[in-house]
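Peer 1: Take this structure first; my questions come after.
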Amino acid sequence: MLDTASWLNSTVASVNDDESFRRAAEHFDGSIALEIGETTVWLKLYRGEIIDTESYVPRFGATFRLTGEAADWQQLAHRKLSFSQASYQGIIRSSGDKLEANRIREAVELFVRHLQRVVANESAETTVAE
């Protein structure tokens, strides 16, 4: 599931329509790299909105990174694991600017919840189509 671009586009669209996310990230001007096994997703946030994404980290880097094995991200995406649980257990690890990562933790939690909804909807659509 997380190896296609559809989850990212759908999650970003959903997040950018969420007023709670906008408030949680409104003072953040930076970027987050999600390292999903061997796959990298870079998210640029500005004034409470994800304004750009890439499948690599641009040369100027990322404010912080969230790193985990692909199988662990799949568990997170399929609600078998919460973001807090994954972070606490060191399954999803943070590196880079920890202050900024902690400052926008609520926004990251909301992003993960949107990801989980998108994955659930796409899984349900796939099941119905079969």
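The values are calculated or read from the model by the stated rules, or taken from the named source; none is laboratory data. All figures in this text were calculated on a predicted structure; none of them were measured in a lab. Areas reflect the complete protein model, heavy atoms only, side chains present, ligands, DNA and RNA absent. Shrake-Rupley method; radii C 1.70, N 1.55, O 1.52, S 1.80 Å.
Peer 1: If you bin every alpha carbon distance in segment 48-112 into 10 Å steps from zero, what whole percent lands in each bin?
Peer 2: 18, 52, 29, 1
Peer 1: If you stretched the chain out fully between LYS98 and ALA5, how much longer would it get, using 0.36 nm times the residue separation minus the C-alpha to C-alpha distance?
Peer 2: Numbers: separation 93, 0.36 × 93 = 33.48 nm, distance 2.75 nm.
Contour length minus Cα-Cα distance gives 30.7 nm.
Peer 1: Rounded to a whole number, what % of the accessible area of the chain do carbon and sulfur atoms account for, probe 1.4 Å? Don't jump to the answer; show the numbers that get you there.
Peer 2: Working: 3400 of 7240 Å².
Carbon with sulfur: 47 percent of the solvent-accessible area.
Peer 1: For the chain, what is the accessible area per residue in Å², given a 1.4 Å probe and the full set of protein chains?
Peer 2: Using a 1.4 Å probe on heavy atoms only, each residue of the chain averages 56 Å².
Peer 1: Further question: Over the chain, what portion of Cα pair distances is larger than 27 Å, expressed as a whole percent?
Peer 2: Numbers: 928 of 8385 pairs.
It works out to 11 percent of all Cα pairs.
Peer 1: Quick one: work out the % antiparallel among DSSP beta bridges in segment 26-98, nearest 5.
Peer 2: Of those bridges, close to 75 percent are antiparallel.
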